[in-house]
Amino acid sequence: MNSSSTIVFLHIPKAAGSTLRKVVRRQYCSKKTVEFAGRNWFKQLEEFHDRGDVDTGRVECVIGHFPFGIHRVLSGECRYFTMVREPIDWTLSLYYAMRSKPQVHPMMQPVRELEMSLEQFLEYLLEIGMANLQTRSLAGLMGQKQVFPPYDPLPADAIDLALANVEEYFEEVGLVDRFDESLLFMKESFGWKKIYVSRQNITIKRPKRMAVSPETSKKMSEIQGQDLALYRVVKDRFEQRLEKAGPEFARKLKRYRFNNQLYSVVRKGLGLLLPRYR
């Protein structure tokens, strides 16, 4: 791939993207980075598409919640990357995030306002077409400008479309449950530096996986069936890659985790000390 390509971070919601964004921002010139962020990120995305053909010579990196396909408004070569998450864990994280935080879009507001139970939330995901969002995002089966639900039903070949896009356009697809390993692979692929980071936007008030009843867990597996199938393929490929990487990569991982722990301790210490001098 051309090193002058535009790097595109397709941030799937609740897939460690807030943490990864902090790392990505350090790698590219802020004046040459397009990031859709803040409460009006979806309006920024719409305006970006309305501009038409964007000169990639002036854009090093694009970051945000958008489906596959944004490269079509960029004039040059693009190199995508993303993170995916185990679908049942993703569902629980999304549910408790929606229950605990005010939502901007009308389709998201009922989850919090009606205090939906987890079971009601699962039915709501089906109703608005938001189940299997990871497959939908990688397949590009949602509006490029209007990214919120309701969505049309996914076609039977949605997984094939998603995997075909991964094969052709994605330099890296990381796993949330293998975050450190994914970050090191991305560092090697994109030539990143300064990748130490502390976790961001973690949903704290949520039950552990074992706290969910077997019936509800089965229901989640049924409605997220396409995402589960996609995740298994991506995970299998990732684990094969780890095996091929061998002992040298394992040593790099151990060294990174040690140094990153020191980074987190120092950051926490500075956070405790700095207010005293304000």
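The GluC sites (Glu not before Pro) of segment 59-135 meeting both criteria, a DSSP state outside H, G, I, E and B (loop) and at most 15 other C-beta atoms within 10 angstrom of the site's C-beta, are GLU77, GLU115. Put simply, the amide H of MET83, placed in the peptide plane, has neighbours under 5 Å in ILE12, GLY174, leaving out anything fewer than 5 places away on its chain.
3J(HN,Hα) along segment 132-146: 6, 5, 5, 5, 4, 5, 6, 7, x, 9, 7, x, 6, 9, 9 Hz, from the Karplus curve 6.51 cos²θ - 1.76 cosθ + 1.60 with θ = phi - 60°, whole Hz, x for Gly and Pro.
Placing +1 at every Lys and Arg Cβ and -1 at every Asp and Glu Cβ, with all other atoms neutral, what dipole size does the chain have around its Cα centre, in debye to the nearest 20?
So the magnitude is around 2000 debye.
Using Cβ point charges alone (K and R +1, D and E -1), the dipole size of segment 55-105 about the Cα centre works out to roughly 180 debye. Summing Cβ point charges (Lys, Arg +1; Asp, Glu -1) relative to the Cα centre of segment 6-133 gives a dipole of roughly 700 debye. Here are some values of percent of Cα pairs over 34 Å apart: (i) 42; (ii) 21; (iii) 16. Which one was computed from this structure? Read-out taken from this structure: (ii). Using just its DSSP H runs of length 4 or more, each adding -39500 (n - 2.57), the chain gives a mean residue ellipticity at 222 nm of -16500 deg cm²/dmol after division by all residues. Cross-link partners of LYS22 among lysines, defined as those whose alpha carbon lies under 19 angstrom from its own and excluding same-chain residues fewer than eight positions apart: LYS14, LYS31, LYS32, LYS187, LYS193, LYS194, LYS268. Within the chain, DSSP assigns beta bridges of which about 0% are antiparallel (rounded to the nearest 5).
Read the figures in this text as sums done on the coordinates, not as results from a lab. These figures come from a predicted structure and were not determined experimentally. Using ideal geometry, Cβ is built from the backbone for each residue, glycine included, and neighbour counts are taken over all protein chains shown.
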